[in-house]
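Working notes for the structure below.
The values are calculated or read from the model by the stated rules, or taken from the named source; none is laboratory data. Remember, it's a predicted structure, so these values are computed and weren't measured experimentally. When we count neighbours, we look across all protein chains shown, and the Cβ atoms used for this are built from the backbone with ideal geometry, even at glycine.
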Amino acid sequence: MQVETFGIILNTEHYAACVGFYRDALGLKVMFEKATGEERLTCFDMGGAYLMVEPGGRASTGGKPPDECPSKLRFNVADVEAAVAELARRGVQAEVRRRPLGVTAECFDPDGNRCALRGVAGFGE
């Protein structure tokens, strides 16, 4: 099998808020949107992959722990601290964590799904 493209489908309870989060707070580019009857989706470009946001998930206030949300969307950025400051200006709180494997920042989307930023320096080494 030859995979032509790769993507993640994220089912959300607060669809419009989550679309706004990934588009406006994280700055992902919308590739396309579709709405047919009861079905809606928004597809974002994730730099060679895609994130498709659809209704049908379950939200959790305050962020989901790993046992409720075992996947985490990771976004590699040039400067974690600068990205965290930009998120703060857009109303998103992120916690910076310094670890031996690199600097990350953890945050949650409006449904409580886990997201993280990571510095690109040293990634994959």
- Message: Take ALA35 and tell me if it is free of Cβ contacts under 8 Å to residues at least 12 places away in the same chain, of a type outside the set (Asp, Glu), in a helix (DSSP H, G or I) and loosely packed, with under 15 Cβ neighbours inside 10 Å.
- Response: no
- Message: Anything in region 52-108 that is touching a Ser or Thr at 6+ places or on another chain (Cβ under 6 Å) and either assigned to a loop (DSSP other than H, G, I, E, B) or at pLDDT 95 or above (or both)? List them, or say none.
- Response: VAL53, GLY57
- Answer yes or no as to whether ALA17 is in contact (Cβ under 8 Å) with a residue 12 or more places away in the chain and assigned to a loop (DSSP other than H, G, I, E, B). no
- Item | Looking only at region 20-32, and only at residues there that are in contact with a strand residue (DSSP E or B) (Cβ under 7 Å, 6 or more places away or on another chain) and assigned to a loop (DSSP other than H, G, I, E, B), the one that is farthest from PRO110 (Cα to Cα) | LEU28
- Note on the structure: Taking region 1-14 and keeping only residues that are surrounded by 15 or more Cβ atoms within 10 Å (Cβ to Cβ) and either part of a helix (DSSP H, G or I) or hydroxyl-bearing (Ser, Thr, Tyr) (or both), one is left with THR12
- For PRO70, are the conditions met, namely being in contact (Cβ under 8 Å) with a residue 24 or more places away in the chain and surrounded by fewer than 16 Cβ atoms within 10 Å (Cβ to Cβ)? no
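The rows are residues; the columns are (1) surrounded by 13 or more Cβ atoms within 10 Å (Cβ to Cβ); (2) under 24 Å from ALA16 (Cβ atoms).
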position	(1), (2)
PHE44	yes, yes
LEU51	yes, yes
LYS64	yes, yes
ALA85	no, no
ARG99	no, no
THR104	yes, no
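How many residues, within region 78-94, are under 13 Å from the mean Cα position of the chain (by Cα) and more than 16 Å from ASP24 (Cβ to Cβ)?
Qualifying residue count for the region: 0.
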- Confirm whether GLU4 is modelled with pLDDT under 95, under 15 Å from CYS115 (Cβ atoms) and not basic (Lys, Arg). no
- Item | In region 51-67, the residues that are closer than 13 Å to TYR15 by Cβ and among the acidic types (Asp, Glu) | GLU54
- Looking only at region 47-64, decide whether some residue is touching a residue at least 60 places away in the same chain (Cβ under 8 Å), out of contact with any Pro (no Cβ under 9 Å at 6 or more places or on another chain) and not aliphatic (A, V, I, L, M). no
